[in-house]
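Everything below concerns the one structure shown next.
Please treat every number below as a calculation from the coordinates, not as lab data. As the structure is a computational prediction, the values presented were derived from the model and not from experiment. Note that each Cβ is placed from the backbone with ideal geometry, even for glycine, and that neighbours are counted across all protein chains shown.
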Amino acid sequence: MPLEDGDLVKQRGQRVNGKVSSTPRLGGMGDAPLQGTPAPDGSRTEAMAEGWEPGPALGDGDVTPGGAPQQAGQEPGQRGEALMAELSELVQKVVKSSSWWERHGVDISIIACSFLLLPAGFLCLRSAQAIPFLVGVLTLGVVHHTLTVKGSHLASHNALTESKSWGKLWAIFFIELCSAFTAEQATYNHVKIHHGYTNVIGLGDSSTWKLPFLNRYVYMFIAPLTVPIITPLVALDLLRNVEWKAALRTLCCMFLGLYCHYWLLLHVSGFQSPWSALLCMLLTRSLLAHPYIHVNIFQHIGLPMFAADRKPKRIHLMSLGVLNLPRNALLDWSFGHSLISCHVEHHLFPGLSDNMCLKIKPIVSQYLKQKKLPYNEDTYTSRLQLFLRRYEELMVHAPPITELVGIQ
């Protein structure tokens, strides 16, 4: 269940210094209230990602099952670090016992299968009959999102290979050539900022997804269709922040990827008009744009947000500020488990592949529940209804800041 509807965290409005703020209480963390504080100016600071390093084995007295009292003299912040170290050790054991196929092979195979489906998709578009043509559109749409969402996401975390050199090449291929975006800025904003400062106001608070000048129905159902157009335009603007060699490479890759798609529609699929080919490009590239936008806002916005100077320890930050959606065959294939049903696991251990996130899911969920920490889950339909009902509160107004008292 999500935080706003679940049992582990209860939220209520409380007036603090003349402002209304949310005041959740964490189950299993004593009786520590979370008090709202005034929002900061939201200025950005340079951030480094909080990478996952497996912690050392803990002694019997460090952390006990069920959230039992910690060692005498252990500070609340040290307890958070001890919990994360213990969970990291459990996950590391699973990773070390897993084969290459489990760590990387499954996800590479899904991406390879998508490449193999490309010829069939382009050839189906040659048909004058409606059903084969629609099959071609659906095939190319799913393949496009598998490469640009799943492929780009795994490449940005270097989760496709254990080689950093190959990881960088894959990032350029999937992010720049396939997605028409800049690899440097995508990696920095996603890995360094979003993951390093998840749900921290002014940094990783997902505010880049907000367009407050749009009403709820335009944003949720019409605006996603413009994602294929907006993405390269945003990339061009971001190129001002990278060195000229990287910018030139990005421009070449973006042009090559877009032109290859256009050329194949004209010369393989047999489109006679350039405009019909461009329209087909827009259709296939926006096929799953709605769930893409929805997933990105459903899993963070509406959950507790924190001030940069009062950010809790990693395990509390991720358990409070991240939500899992149910498994879905189409989205699992095209977006990956780490973006759908294993998002909590992904934020705790971002270097793991989709298949490994799915494998460690029972361990993470059991551990968090055993320690009486939140493990947020909700359905796609429930989140959609929530955002339509509370759109202005969630997507227009600034969120209240949550402060964890006693467990920093």
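Here are some notes:
- Packing-based ranking of 308-317, 89-98 yields 308-317, 89-98, ordered from highest to lowest mean Cβ neighbour count within 10 Å.
- Using the Cβ-Cβ distance between Leu90 and Thr208 with R0 set to 35 Å, the FRET efficiency works out to roughly 0.55.
- Candidate lysines for bridging to Lys93, where Cα separation is under 19 Å - those fewer than 8 sequence places away on the same chain excluded: Lys359, Lys361
- Each residue of the range 305-312 was assigned a 3J(HN,Hα) from its phi angle through the Karplus expression (A = 6.51, B = -1.76, C = 1.60, θ = phi - 60°), giving 10, 10, 6, 4, 8, 10, 5, x Hz with x at Gly and Pro.
- Residues of type lysines that Lys245 reaches as a straight line, Cα spacing below 18 Å, ignoring anything fewer than 8 places off in the same chain: Lys168
- For the pair Ser165 and Lys369, a Förster radius of 35 Å applied to the C-beta separation gives a FRET efficiency near 0.30, rounded to the nearest 0.05.
- Using the average count of surrounding beta-carbon atoms within 10 Å as a protection proxy, the listed peptides 218-231, 126-139 rank, highest first, as 218-231, 126-139.
- FRET efficiency, 1/(1 + (r/R0)^6) with R0 45 Å, evaluated for Gln385 and Trp100 via beta carbons: 0.60
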